[in-house]
Each structure stands twice: as structure tokens, then as C-alpha cells.
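Shown next, in C-alpha cells, is the structure this report addresses.
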Amino acid sequence: MIRLLYLLVFALTLSCGKENSPAPSVSNPGNPSSSDWQLPIEEVRDGGVGKDGIVSIDNPKFETIGAADYMDDFDLIIAMHEGGQQHSYPHPILDLHEIVNDKVGNVPVAITYCPLTGTGTAWNRNLDGAVTTFGVSGLLYRNNLIPYDRKTDSNWSQIRLDCVQGPLALQKVETYPMVEMSWFTFKRLFPNENVLSTDTGSNRNYGRYPYNDYRTNNDFLLFPAGRVDDRLPAKERVLSVVVDNRAKVYRFTSFAGGLSAIQDNFLGQDLVVFGSKPDNILMAYQPLLSDGTELLLNVVASLEEGGIVMSDQFGNAWDVFGRAVSGPDQGKRLQPANTQIGYWFAFGAFFDRPEIYE
Amino acid sequence: MSRKTACILICLLATHQAMGQTCCSGGVPVSANLGMPLAQAKAIQFNLAYDLNALNTLKEGFEVLDDRSRKRTTHALLLELGYSITDRWSVDVLISGVRQERKISRSVGDDLTRTTGFGDATILTKYSLLNNERMSLTPGLGIKLPTGASDLLRNDGIALSADLQPGSGATDLIYWLHYAVNSVITEGGTFFLAAIHSRKGINDDYLGSKAYQFGDEWQVGAGLSIQTVIKSWITVPALMIRYRQATSDAIDDQTLPSTGGSWIFANPSIAISTNPETSWTFSLDLPLMARIQGIQVTPTYRLNVAFYHKLYFSKYKSQRS
């Protein structure tokens, strides 16, 4: 009898091939059905850490520049200015949390940052009249972060800037200009500003970049890109401007000599793109006021404390956030463009053959 | 089989149930359960084990992070069959079923993902270089075959990451070594040394277009077991200290962040035999030290319960008894 048992077990052993094994199964209760997604489902990936496995910062605190001693000069920081208030978010903290649910001025914003595409965005957390918070879904589309909102559990695309699954599907987010620069530039322009504190509620080592050489290794993507456009190195940081779902990118190399500006037009939208490769800053606005007044913008001699970057024919001085900080239009803002800085491969993956400014 | 031979066999069994696979490395904890003790020619050995590997500790480098929200658990049911072709040559086959769980504790309810399926199968061939009542030395060479699924999707069609799959999708080479010296300290004492090296193959079909390779792994353990007889049961408590080192995983030949590391474990176990052919083994893995790459959930404990039975074909049994 026992021998018979052994024979059966051996037979089971030999028959345990992949083709004739019982079907393996997956259980993940609560996740949506595939029909809900506005993205090709086969290109949405589970990043491995699970929903909220990367913990968003929901009660951000801010500290002085001097307290941010984990920052190196070449580290990047993104900043926004709204309602008379500037908030700034160092990449080393965003690398580990990806989302900050904050309030700038009186605007509830979600700062979303994707370490894999290098893209950072600020968008309004007020959805259909109710303020919510965003969390990290643990999912990625073409390597890009998919935040979810905790009000409706809908999933959103960080680069597409819309809802890609759930009750709010296809709804667009309201974004705010976000300026990215190096820490050494930030310290020079805004020496008295506070930055997001490492007192995040999680004990993490913010002085260590967690993705090895990912930022500079052009051959290293964690997930399939989806669409590969190799006209530029995959990890070259570029500024993307999106109009009517088409993208045009601007390279730091166009600003290699220091602070300068490009007057451009993309699909009928006038743009002023300013940047400085030595200062590691690049941004674009529409040279317009909200009342339609057209501006002729020229860069100032150099970036100095306060972040003034351009002046116009009326004598206004404009800062990196597109604010008139002096002159007859003081307090007004340039019309924003739909911009993001990120790795070239990401824009090549999301947009059909982006135009490259040469 | 003489009682003394049975005692040695059970001692060896206790020392064989000691190697643990400890982090997310493609499903089945193969090294935890691989390698039957030496037996006489034509013997068939059978080992059925349940293995629970709980990874609830979030670490960065040496430091434990104050975050208990992430839990990874692997449940495995492992069946190993061993056949001794001659007194020196033997072959073991290990098959398994595995359940991988990932749970994130959240204020709005837990996020749970669970996969279940057959794991990879392993075949190990061993050759006894030395085997007498004083000591034994047995090297082995094995292969792990990608019989487990490595392309499971969530119920919404989203592909799961490699570490949640029941199988690795790759063929691995396994180098195995076991050395034991009997009558150490006391007549029933056995010193043992166990080592395993796994050279990982590449899953060329990861996410449809990527090549994924789990990190190569080294484990070396040394310990002592003491045989005692309680009532008529042979009881063998053992303690092993084990070092495990795993290189980082790779995607398309690029090092995957937050994978790989080094660990030291204490591994107490006890084997209890009610008769010369049958025994139960209970073992526990407790991490003493870990230095991991990046941030990872890392082993908190591992439990293993195994039932072992050995059978001889009758004509050989009569010769051996």
C-alpha cells in the first residue's frame, strides 16, 4: 500500500509540468475590473510594493534651508507659489514618498512626483467640490506613477493629468506651475524660504538615493517603456510643453551659456521658454496676461536672490513662478503652459513623437 | 536497519532541515527543504513539509524602520522524494505548492494580494564521498526547473511583479554540500556544516519584453545536534548558525534597487522519531543580523514543520536489516 502511495507521489512529481498543473490563481479583493481602465491594461504594471506601500506625506511640515543638511548641491527641488505662499519639495524626500498632500495659499494641492520618469506635478485636490487626498496606488503606466484619490478610489495618470480608472474616469486635473531647479540654485534664489521637512512621520534615510544609477543610466528602465523614441538619450532631462495632447520638448543644452529665453510657438500657443543649464533651471509660460495682454519678455542679466528672471516692455519684473513681483502689473501672473520636466523616454512613451526644439 | 544507523539517519535529517531561503526570491523556499540524508541503496525517502516565511520587518541597510504596515508572507507545501540508487549515488526531487501574500495595512482597509500555484521543481543529484559512522561528506548538483507560473495577472489583468509569482520563470543551477561529524562532545552529538549555492537563471519573458534574474545566493551554516532518547522516541534538538548572502536581482542586466543583502540566522530545530523510518521535524529561523540593499521587507521569522518517512524495497530491506 505504501509503495502504491510512493508510485502515486512519483507520478505526481513527474506530471508537475507547467502545462498540466492546476491553474494558479490570484486574489486581490477590492481591485477594479479591467473594463474600467482607460489605459491599455497590459501596460499597467504592479510596481511590487502594493497600494500605499509607498507612504504619501499627508501632514507636511517645513523647515529652514539650513536644516536640510542631507541635500547635496546637485540634488533637485521642485517649488510652487500660490496665494502668496511658496512651498518647496526636495527630490530626496519625494523619491521615497512620491506624493505630498499639502495646502499652498488656500489651495489644497497634491504634489506628485514619479522617480522613474522624473516628473513632478502639482494638482488641485478638490474634486467635484470635495477635498480629498491622494495616495500611491503601487501601479505604473509606462513607468509613470498612478496616484489614486481616497475619495472615490479612482486612479489617475501623473503625466496624462487625468483620471484613468474609476468613477471620475477621464476627468482632468487642475494643475499649478511647478518649477524645478538644483539645490545650489534654490539656495541662491530663495535663501530665506522653508522646504519640506524630513519630519514626515516615517523614519527614512533621505540622504541616500534609492534607485542606484537609474537617473543617469540610459539602459535602465524597470518596466517596459511601451513606446521607445531614441532620438535623445533616455534619461536626458527635458522640459515638455503639451498642447492638444501633443508634446514639444526643450533641452538644457539650448541654454548652455547661462540664462536665456526662447520665444516659440507650438500648435498656435505662444511660449516663452527660459532656462540656464549652469543653474539647472528650465521653465515655460505663455507670454500673456489673463486679460489677453501680450508681453515681450526678455531675460535679466542673471538669476539673483528673489528669482527674478524676465522683464517686459511695460517695466514689469517676472520671477520664475511667472509672477510680476514689481512694475505696473505687480501681483499678476503669466498664463501657465502645460509643462513638466522629466526624462525624455517618458515623454517619448506618452506622446506620439514629441517635437524637439533645436 | 540497526538502531544506531537509524539514530544517525535522524541526526542527519535534523541537520538537513536547516537551510532557509529568506527573502522574496521567486516563490518556493527551495533551499529550506532540499537534500535528503544519505540512505542505503534502493531506499526511498519521503519528506512533506509546511514552510511559513514571514517578512514583516522593514529595513534599510542595518536599520529597522519604524513601519509595520508592509507584510510579505510565503506559505509553501513541499514534497521531496529521494531515491538512493546505490550506497553513494542518490537523487532527490522537490515539488511544491506556494502561496504568496502581500498585505499593506492602511487606515481605509488592508490591501491584500495573494497568488497561489505550483512552485518550481528541483532535482538534486548527490554523491557520497565519505560515509561512515564517524563522518559523512556529500556534495550535490541540482537544477531548479521553471515549473511554477511566473506570469500571473491580478484579477483586473495587471501583471504582478516577479517576487509575487509562484515560480521564477528561470532555470537555476544548485551546488549543494553537506558535511557531518558524529560523536562530537558526546556520543550523540553531531557537528554539521551545510552549504548551498544557487546560480540563478534568467526569465527572458518577464512582463513580455524584459529579462529578469533573481540574485545568486550563497548559504553556509554550521551547527550542533544532540541525540537523546525520551521514552522510546529518538529526539534530536539542533542549533545552527547560518549566513546567507544574495546578490541583487537584475532587469535587463541592470541591478534592481532594493534587492539582495546579507543575513545571519539562528536556526533551532528538533527532530522526533517514533520509529526508525519515520520522524517529525520542527524548525524555526530567527534573524540575528541583516544588512540589506536599499529598503526591503526582510525576514521576521520562518517556521518549518516536516514529516519524514523512509522505505526500502523488501529484498534490500531484508539484506540491510
### Task
Report, by residue number, each residue of the range B:73-94 that is under 30 Å from residue B:58 (Cα atoms) and either in contact with a helix residue (DSSP H, G or I) (Cβ under 8 Å, 6 or more places away or on another chain) or among the hydrophobic types (A, V, I, L, M, F, W, C) (or both).
B:76, B:77, B:78
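Regarding residue B:114, is this residue facing chain A (nearest Cβ under 9 Å), charged (D, E, K, R) and either under 26 Å from residue B:48 (Cα atoms) or out of contact with any helix residue (DSSP H, G or I) (no Cβ under 8 Å at 6 or more places or on another chain) (or both)? Give the steps one after another, and end with the answer.
Values: facing chain A (nearest Cβ under 9 Å): yes; charged (D, E, K, R): yes; either under 26 Å from residue B:48 (Cα atoms) or out of contact with any helix residue (DSSP H, G or I) (no Cβ under 8 Å at 6 or more places or on another chain) (or both): yes.
For residue B:114, the condition - facing chain A (nearest Cβ under 9 Å), charged (D, E, K, R) and either under 26 Å from residue B:48 (Cα atoms) or out of contact with any helix residue (DSSP H, G or I) (no Cβ under 8 Å at 6 or more places or on another chain) (or both) - is met.
Return the residues of the range B:266-290 that are within 14 Å of another protein chain (Cβ to nearest Cβ) and either assigned to a strand (DSSP E or B) or not charged (D, E, K, R) (or both); say none if nothing qualifies.
Across the range B:266-290, the qualifying residues are B:275, B:278.
Looking only at the range A:322-337, decide whether some residue is under 26 Å from residue A:183 (Cβ atoms) and touching a helix residue (DSSP H, G or I) at 6+ places or on another chain (Cβ under 9 Å).
Kept after step one, since they are under 26 Å from residue A:183 (Cβ atoms), are these residues of the range A:322-337: A:322-323, A:325, A:333-334, A:336-337.
After this cut, where a residue has to be touching a helix residue (DSSP H, G or I) at 6+ places or on another chain (Cβ under 9 Å) as well, the list is none.
Scanning the range A:322-337, I find no residue that is under 26 Å from residue A:183 (Cβ atoms) and touching a helix residue (DSSP H, G or I) at 6+ places or on another chain (Cβ under 9 Å), so the answer is no.
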### Message
From the list A:112, A:117, exactly one residue is assigned to a loop (DSSP other than H, G, I, E, B), under 16 Å from the mean Cα position of the chain (by Cα) and more than 14 Å from chain B (Cβ to nearest Cβ). Which is it?
### Response
A:117
### Task
Please enumerate the residues belonging to the range A:313-325 that are polar (S, T, N, Q) and either surrounded by 15 or more Cβ atoms within 10 Å (Cβ to Cβ) or free of Cβ contacts under 8 Å to residues at least 12 places away in the same chain (or both).
A:316
### Message
If I ask for residues that are buried (at least 19 other Cβ atoms within 10 Å of the Cβ) and of a type in the set (S, T, N, Q), which ones from the range A:70-85 would you list?
### Response
none
### Task
Could you list all residues from the range B:124-155 that are of a type outside the set (Lys, Arg), at the interface with chain A (Cβ under 8 Å from one of its Cβ atoms) and crowded, with 18+ Cβ neighbours inside 10 Å?
B:146, B:147, B:148, B:149, B:152
### Task
Would you mind stating whether residue A:236 is more than 21 Å from residue A:138 (Cα to Cα), in contact (Cβ under 8 Å) with a residue 60 or more places away in the chain and of a type in the set (D, E, K, R)?
yes
### Query
For the range B:66-92, how many residues meet the condition of being at the interface with another protein chain (Cβ under 10 Å from one of its Cβ atoms), more than 13 Å from the chain's Cα centre (by Cα), crowded, with 17+ Cβ neighbours inside 10 Å and not polar (S, T, N, Q)?
6
### Residue selected from the range B:101-147 under the condition farther than 30 Å from residue B:178 by Cβ and among the hydroxyl-bearing types (Ser, Thr, Tyr), by the criterion farthest from the chain's Cα centre (by Cα)
B:107
### Message
Quick test for you: out of B:191, B:214, pick the one residue that is modelled with pLDDT of 90 or more, under 21 Å from the mean Cα position of the chain (by Cα) and farther than 24 Å from residue B:291 by Cβ.
### Response
B:191
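Please enumerate the residues belonging to the range A:212-271 that are of a type in the set (Ser, Thr, Tyr) and in contact with a strand residue (DSSP E or B) (Cβ under 9 Å, 6 or more places away or on another chain). Explain how you work it out, then say what you get.
Step one: list which residues in the range A:212-271 are of a type in the set (Ser, Thr, Tyr), which gives A:214, A:216, A:240, A:250, A:253-254, A:260.
Across the range A:212-271, the qualifying residues are A:214, A:240, A:250, A:254, A:260.
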### Query
When residues of the range A:40-71 are filtered for being within 13 Å of chain B (Cβ to nearest Cβ), over 8 Å from residue A:138 (Cα atoms) and either in contact with a helix residue (DSSP H, G or I) (Cβ under 7 Å, 6 or more places away or on another chain) or assigned to a strand (DSSP E or B) (or both), how many remain?
5
### Query
Limited to the range B:48-83, what total is found for residues that are out of contact with any Phe, Trp or Tyr (no Cβ under 9 Å at 6 or more places or on another chain), free of Cβ contacts under 8 Å to residues at least 60 places away in the same chain and either more than 26 Å from residue A:207 (Cβ to Cβ) or in a strand (DSSP E or B) (or both)?
4
### Unique residue being part of a loop (DSSP other than H, G, I, E, B), more than 18 Å from residue A:122 (Cα to Cα) and assigned by TED's automatic domain parsing to the domain that holds residue A:148 when the list is A:224, A:210, A:167
A:167
### Task
Would you be able to tell me the number of residues in the range A:120-139 that are free of Cβ contacts under 8 Å to residues at least 60 places away in the same chain and either within 14 Å of chain B (Cβ to nearest Cβ) or in a strand (DSSP E or B) (or both)?
8
### Message
On the basis of being under 25 Å from residue A:252 (Cα atoms) and within 14 Å of chain B (Cβ to nearest Cβ), does residue A:216 make the cut?
### Response
yes
### Check on residue B:179, away from chain A (no Cβ under 14 Å), of a type in the set (Ser, Thr, Tyr) and touching a His at 6+ places or on another chain (Cβ under 9 Å)
no
### Breaking point among (1) within 10 Å of another protein chain (Cβ to nearest Cβ); (2) over 19 Å from residue B:144 (Cα atoms); (3) in contact (Cβ under 8 Å) with a residue 24 or more places away in the chain, for residue B:121
(2)
### Residues satisfying the stated conditions in the range A:233-260, i.e. touching a helix residue (DSSP H, G or I) at 6+ places or on another chain (Cβ under 6 Å), assigned to a loop (DSSP other than H, G, I, E, B) and crowded, with 19+ Cβ neighbours inside 10 Å
A:234
### Task
Kindly list, by first and then second residue, each pair from a residue in the range A:185-208 that is more than 14 Å from chain B (Cβ to nearest Cβ) to a residue that is surrounded by 21 or more Cβ atoms within 10 Å (Cβ to Cβ) and of a type in the set (A, V, I, L, M), limited to pairs with Cβ atoms under 6 Å and residues at least 6 apart or on different chains.
A:185/A:281; A:186/A:77; A:195/A:68; A:196/A:93
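The values are calculated or read from the model by the stated rules, or taken from the named source; none is laboratory data. In this text the structure is predicted, and so the values were computed from the model without any measurement. Using ideal geometry, Cβ is built from the backbone for each residue, glycine included, and neighbour counts are taken over all protein chains shown.
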